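K.L.:
Take this structure first; my questions come after.
Nothing in this text is a laboratory measurement; each read-out follows from the coordinates by a stated rule. Not measured: the values here are computed from a predicted model. Note: ideal-geometry Cβ built from the backbone for every residue, glycine included; neighbour counts use all protein chains shown.
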Amino acid sequence: LMDSLEKKWGNLISKLEDQFGKEMTLKGVLYLIGVQELNFGIKQFEREEKIDVLHVAVCKILSSFGYYKFDSIDNDGWPHYTELKALKHLSEKEQENLIKKAVLEYLS
């Protein structure tokens with residue numbers, strides 16, 4: 001199971017690197033998803049906002065796994081989610097694998 005996840009993840013990263021012409025990391029992929037979800041068009045995010053963009057991505061992709069539930073969109077167009085299950089019960093590696101799985105499902 002693990003091998004297949006790493007293999008699919010590797011394929012995704014190669015595809016994205018070809019597409020964007022730069023090295024991709026898990027954070028980079030989450031950032032792309034967050035930007036896509038926000039749908040603000042071309043926008044330069046402040047450093048602090050970038051963290052929020054990543055958070056939006058994680059909430060969105062993990063909502064299909066029952067970790068978050070979409071709540072509302074605020075006046076500035078940012079989505080808000082309610083945490084249903086805590087991620088902190090998982091080890092860092094388990095969290096990373098869960099997120100990778102969720103990214104692959106989201107993008108498939």
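K.L.:
When segment 1-40 is examined, which residues are found to be without any contact (Cβ under 8 Å) to a residue 24 or more places away in the chain and hydroxyl-bearing (Ser, Thr, Tyr)?
P.N.:
Across segment 1-40, the qualifying residues are SER4, SER14, THR25.
K.L.:
Select from segment 59-81 the residues that are under 18 Å from LEU98 (Cβ atoms) and hydroxyl-bearing (Ser, Thr, Tyr) and list them in ascending order. Outline the logic, then answer.
P.N.:
Taking segment 59-81 as the starting set, the residues that turn out to be under 18 Å from LEU98 (Cβ atoms) are 59-69, 81.
If the condition is that a residue be under 18 Å from LEU98 (Cβ atoms) and hydroxyl-bearing (Ser, Thr, Tyr), then SER63, SER64, TYR67, TYR68, TYR81 are the ones that fit.
K.L.:
If I ask for residues that are surrounded by 15 or more Cβ atoms within 10 Å (Cβ to Cβ) and either in contact (Cβ under 8 Å) with a residue 24 or more places away in the chain or outside any helix (DSSP H, G or I) (or both), which ones from segment 91-107 would you list?
P.N.:
ASN97, LEU98, ILE99, LYS100, LYS101, ALA102, VAL103, LEU104, TYR106 - these are the residues of segment 91-107 that are surrounded by 15 or more Cβ atoms within 10 Å (Cβ to Cβ) and either in contact (Cβ under 8 Å) with a residue 24 or more places away in the chain or outside any helix (DSSP H, G or I) (or both).
K.L.:
For segment 39-64, name all the residues that are within 15 Å of the chain's Cα centre (by Cα), surrounded by fewer than 20 Cβ atoms within 10 Å (Cβ to Cβ), farther than 20 Å from LEU12 by Cα and not charged (D, E, K, R). Show your work before the answer.
P.N.:
Residues of segment 39-64 that are within 15 Å of the chain's Cα centre (by Cα), as a first pass: 39, 49-64.
Subsequent filtering for residues that are surrounded by fewer than 20 Cβ atoms within 10 Å (Cβ to Cβ) retains 39, 49-52, 54-55, 63-64.
If we keep only those that are farther than 20 Å from LEU12 by Cα as well, we get 39, 49-52, 55, 63.
Scanning segment 39-64 gives ASN39, ILE51, HIS55, SER63.
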